Structure formats: C-alpha cells, structure tokens
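Taking it in order: structure first as structure tokens, then the write-up.
Any read-out appearing in this document is the output of simple, stated calculations on the displayed coordinates, not a laboratory observation. Nothing here was measured: the structure is a model prediction, and the numbers come from that model. Because the Cβ atoms are built from the backbone with ideal geometry, glycine has one as well, and the counts that use them run over all protein chains shown.
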Amino acid sequence: MPHIRVEYSQTLDDHPEFNIRTLLENMHHALGQRSQNNVSLDRVQTRAIPCKDFKIGTGQKETYFVAAVVLLMAGRSYAVKKEIAGEQLSLIQEYLGELSSKTRITVDVQDLSSAYSYT
C-alpha cells in the first residue's frame with residue numbers, strides 16, 4: 001500500500017495560486033498511474049502536514065519548502081525509485097510555477113518496513 005506524505009511550509013497557503021489539495025491530487029494520480037510497477041491507485045494513501053514553525057538556511061529571506069516522502073512495499077529497484085522521485089519532483093515544480101524558485105523541494109522514495117501491516 002503506497003503512501004505519499006507531504007510536509008510543507010504553511011505560509012504557502014497564503015498564496016492564492018497554491019492549493020495543497022490540488023497538489024496532493026496530482027501527486028496521488030501520478031503515482032497511481034504507475035501500473036508497470038504494481039502501484040494501484042485504489043491503494044495509494046496521500047496526506048499533507050502543514051508546518052507552521054520551520055527554518056530554512058539562514059532564514060534571512062522568504063523561502064518555502066515542500067518535502068515529500070513516497071513509501072512503497074519493498075522490491076523496487078533503485079532506478080525505479082529514482083524515476084518515481086524525479087516524476088514527483090517535476091510535478092511539484094510544475095505545480096508551484098514561479099513559487100518553485102523560492103521553494104526548497106525534496107522527494108524521497110523509501111521502502112516500507114518489512115513489519116508493515118495493513119487491512
């Protein structure tokens with residue numbers, strides 16, 4: 001069961017062109033379209049965590065962040081994980097448009113623990 005967790009600077013919500021629900025929907029569907037890697041849309045769980053308190057770098061200029069973690073069942077190669085990370089990164093950058101130049105964006109693709117259980 002794939003998961004996407006997105007932490008982001010809550011101050012992005014102040015921008016009318018930013019809507020976290022739209023971004024999550026885009027990321028969710030992009031991951032769910034990866035049928036070649038056994039990622040089924042009906043199993044993907046996507047959520048956002050706004051961060052009110054944060055500091056980036058020296059904190060001297062207006063900067064935002066979006067930090068996404070994609071969690072997948074073990075077994076995918078490094079190349080596949082790198083491809084997924086690249087797809088999600090590009091999607092976030094494209095969605096943010098001009099805001100992306102002020103936003104630190106990271107995407108990490110990780111394996112779920114072998115002890116992971118679900119219903």
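Here are the numbers for the structure shown:
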| item | result |
| --- | --- |
| E94 paired with K55, simple spin-label distance in nm, labels 7 Å along Cα-to-beta-carbon | 3.6 |
| Ranked H28, H15, criterion: other C-beta atoms within 10 Å, fewest first | H15, H28 |
| Sites R5 and Q33, calculated FRET efficiency, Cβ-Cβ separation with R0 25 Å, nearest 0.05 | 0.85 |
| Per DSSP, loop trypsin sites (Lys or Arg not before Pro) in region 44-119 with at most 16 further Cβ within 10 Å | K52, K55, K61 |
| Candidate lysines for bridging to K61, where Cα separation is under 21 Å - those fewer than 8 sequence places away on the same chain excluded | K52, K102 |
| Using alpha-carbon coordinates, inclination of helix 20-32 to the longest axis of the chain, degrees | 30 |
| Rounded to 10°, Cα long-axis angle of helix 78-96 versus longest principal axis of the chain | 30 |
| Aspartates and glutamates whose Cα lies under 17 Å from that of K82, excluding same-chain neighbours fewer than 8 positions away | D108, D111 |
| Exposure proxy order (Cβ contacts within 10 Å, fewest to most) of S9, S100, S77, S40 | S77, S40, S100, S9 |
| Helix-only mean residue ellipticity at 222 nm for the chain, each DSSP H run of n ≥ 4 adding -39500 (n - 2.57), per residue, nearest 500 | -9000 deg cm²/dmol |
| Residue order, fewest to most surrounding Cβ atoms within 10 angstrom, among T58, T103 | T58, T103 |
| For a label point 7 Å along the Cα-to-beta-carbon line of R104, residues of region 1-23 with backbone N under 12 Å | 9 |
| Longest exposed-site-free window of the chain, the sites being chymotrypsin sites (Phe, Trp or Tyr not before Pro) in a DSSP loop that have at most 12 other C-beta atoms within 10 Å | 1-115 |
| Coordinate range along principal axes, alpha carbons of region 1-71, Å, largest first | 44, 24, 16 |
| Structure-derived mean projected area of the Cα convex hull in nm² - corresponding label in [x] 8.1; [y] 10.1; [z] 6.6 | [x] |
